[in-house]
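K.L.:
Here's a structure for you.
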Amino acid sequence: MKGLIYLEDGSLFKGYGFGAPATNVGELVFNTSMSGYQEILTDPSYSGQVITMTYPLIGNYGINSSDMESDKIHAMGFIAKDISFEPSNAASEMNIDDWLKQQGIPGVYGVDTRKITKRIRKEGTVKCVISNEDLSVSRLREICNSTPLRGDWMKEAGTSEYIHIPGDGYRVAIMDFGVKGNIIESFKKRNCDIHIFPYGTSAEEMMSIHPHGIFLTNGPGDPAEATEAVEEIKKFIGEIPVFGICMGHQVLALALGGSTYKLKYGHRGGNHGVFDKDTGKSYITSQNHGYAVNGDSLIFRGMEMTHINLNDMTVEGMRHRTLPVFSVQFHPEASPGPQDTAYLFDKFITMMGSETNAKE
């Protein structure tokens, strides 16, 4: 089966197809993680994107039911230098080829992923068509030109209905933009009483459960498209502790009157250095985002920057000077990647406890 990747600038990469015989359009991005391909593909933040893995061999440890970050693959396509069709791992339940077939997602291997990555780094992310259906170049061009990229994936990436996961600890109301499974697990480990609300839920409805804190999740797309959520978040600020991760960090910045912007090629991988100004330490973090917060837009709005990206000095974390509000751009829950910054969940627990005790 042939595999084709057509870029909107007319570039064409020819390889071998695997996974489902299908044709999809998405934003072409790259991820530098050396493992964790199953968690990456099932991360809702990858909705609308075609992922190129820079690590040369993918699929060598197979697929298993315990490494899912959601109930399906959210990416539009998957690209690798080489694919292992015979995984070697006692936990493996199927190979990556069968899994992508089962999920209806096309993959392409046998292409120069280094060249693709260098192109993205030089020119920026780009719209592409990934296909296993042996289409002509003219047909690929037609599909590419007629299919716009979406920026509002966060409105449908998360749950479509209210979910309650009982716990004996602090009550956390979660605004779901496409939450990863290990974020929920991180709250469960801390015995939180978890209430997950779908996109579009009003602040009043979320506050009706009398939460001790509000958590804003990760998610896909352009944060500026989350206009309804931004308006609801404004109602929380100053009323209750708020913690945001990734998309949650970005929409919180917008709710505070700040701005966001699109990065040239984003941060995606498990090896991004971040400096924490509070601890005076640097951490290796897991990241997946294409947008960033404009720090200058928040300087006079009560916020201060707490974390800085050591590669490009972009804003990786912020907090309010007087209110119980903070957020980070990276993923302290990892999956995949290092878990060095899981202490941020404990910080949120402490913040909820302090605010609760102050009101009693």
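The values are calculated or read from the model by the stated rules, or taken from the named source; none is laboratory data. Everything numeric here is computed off the predicted structure, so don't read it as measured data. Note: ideal-geometry Cβ built from the backbone for every residue, glycine included; neighbour counts use all protein chains shown. Calculation scope for accessible area: heavy atoms of the full protein, side chains included, ligands and nucleic acids excluded. Shrake-Rupley method; radii C 1.70, N 1.55, O 1.52, S 1.80 Å.
K.L.:
Let me see the pair-distance distribution of segment 141-210: every alpha carbon pair, 5 Å bin width, integer percents in order.
P.N.:
4, 15, 22, 19, 15, 7, 6, 5, 4, 3, 1, 0
K.L.:
Would you pull out the residues with amide H under 5 Å of MET34's amide H, same chain only if 5 or more places away, H placed 1.01 Å from N?
P.N.:
Excluding prolines and chain starts, which carry no amide H, the hits are GLY270.
K.L.:
May I pose another question? I need the per residue convex hull volume for segment 43-126, using only the alpha carbons, in cubic angstrom as a whole number.
P.N.:
On the way: hull volume 7.8 nm³, N = 84.
Dividing the Cα hull volume of segment 43-126 by its residues yields 93 Å³.
K.L.:
Among SER35, ILE73, THR125, which residue has its Cα furthest toward the positive end of the charge dipole of segment 21-137, with +1 on Lys/Arg Cβ and -1 on Asp/Glu Cβ?
P.N.:
Going by the Cα projections, it comes out as THR125.
K.L.:
Using only Cα atoms, locate the centre of segment 168-189 and the centre of segment 212-229, then give the distance between them in Å, rounded to an integer.
P.N.:
Going from one Cα centre to the other spans 14 Å.
K.L.:
Nearest-5 percent of antiparallel DSSP beta bridges in segment 11-118?
P.N.:
On the way: 5 of 18 bridges.
Once the DSSP bridges in segment 11-118 are tallied, antiparallel ones form about 30 percent.
K.L.:
Defining a contact as two alpha carbons under 8 Å apart and six or more residues distant in sequence, what relative contact order in percent does segment 216-360 show? Intermediate results must be reported in sequence, preceding the final value.
P.N.:
Numbers: 289 pairs, mean separation 35.3, N = 145.
In percent, rounded to a whole number, it is 24.
K.L.:
With a cut-off of 8 Å between alpha carbons and a minimum separation of six or more residues, what is the relative contact order of segment 1-131 in percent? Could the numbers behind the result be given before it?
P.N.:
Values: 336 pairs, mean separation 49.1, N = 131.
Relative contact order of segment 1-131: 37 percent.
K.L.:
Also, I was wondering about something else. To check you understand DSSP bridge types, tell me what percent of the beta bridges within the chain (both residues inside) are antiparallel, rounded to 5.
P.N.:
Numbers: 46 of 75 bridges.
In the chain, DSSP labels about 60 percent of beta bridges as antiparallel.
K.L.:
May I pose another question? Of the accessible area of segment 35-130, with the probe set at 1.4 angstrom, what percent is carbon plus sulfur? It would help to have the intermediate numbers written out before the result.
P.N.:
Details: 1610 of 3770 Å².
Carbon and sulfur together cover 43 percent of it.
K.L.:
Quickly rank 244-252, 25-33, 273-281, 154-162 as a protection proxy: mean count of other C-beta atoms within 10 Å, highest first.
P.N.:
Result, highest mean first: 244-252, 25-33, 154-162, 273-281.
K.L.:
Let me have the 222 nm mean residue ellipticity of the chain computed from DSSP H runs of 4+ only, each contributing -39500 (n - 2.57), with the sum over all residues rounded to the nearest 500.
P.N.:
Working: 9 runs with 84 residues, N = 360.
The helix-only estimate for the chain comes to -6500 deg cm²/dmol at 222 nm.
K.L.:
So for each of 283-296, 203-216 I average, over its residues, the number of other beta carbons within 10 Å; can you give me the resulting order with the highest mean first?
P.N.:
Values: 283-296: 20.9, 203-216: 18.3.
Averaged packing, sorted descending, gives the order 283-296, 203-216.
K.L.:
Another question, if that's okay. Apply the Karplus curve 6.51 cos²θ - 1.76 cosθ + 1.60, θ = phi - 60°, to the phi angles in segment 331-336 and return the couplings in whole Hz, x for Gly and Pro.
P.N.:
Listing the rounded values in order: 10, x, 7, 6, 6, x Hz.
K.L.:
Sort out for me the Cα centre separation of segment 117-167 from segment 295-319, rounded to whole Å.
P.N.:
29
K.L.:
Give the cross-link partners of LYS118 among the lysines, using a straight C-alpha distance below 27 Å as the criterion and excluding same-chain residues fewer than 8 apart.
P.N.:
Within reach: LYS2, LYS14, LYS81, LYS127, LYS262, LYS264.
K.L.:
Can I ask one more? Does segment 233-360 classify as rounded, prolate or oblate by the C-alpha gyration tensor (a ≥ b ≥ c root eigenvalues; a/c under 1.5 gives rounded; else a/b over b/c gives prolate, otherwise oblate)?
P.N.:
Oblate is the answer for segment 233-360, as a/c is 1.5 or above yet b/c matches or exceeds a/b.
K.L.:
Whose amide H sits under 5 Å from the amide H of SER259, counting only residues 5 or more places off or on another chain, with H placed in the peptide plane?
P.N.:
ASN294, SER297
K.L.:
Classify segment 108-150 from the C-alpha gyration tensor, please: rounded if a/c falls under 1.5, else prolate or oblate depending on whether a/b exceeds b/c. Please list the in-between numbers first.
P.N.:
Details: a/c = 2.53, a/b = 1.29, b/c = 1.96.
In terms of gyration-tensor shape, oblate.
K.L.:
Percent relative contact order of segment 180-282, based on C-alpha pairs within less than 8 angstrom and at least six residues apart? Provide the component values of the computation, followed by the final result.
P.N.:
Values: 78 pairs, mean separation 23.9, N = 103.
Computed value for segment 180-282: 23 percent relative contact order.
K.L.:
Given the convex hull over the Cα atoms of the chain, what projected area results after averaging over all orientations, in nm²? Don't jump to the answer; show the numbers that get you there.
P.N.:
Numbers: hull surface 69.6 nm².
Value for the chain: 17.4 nm².
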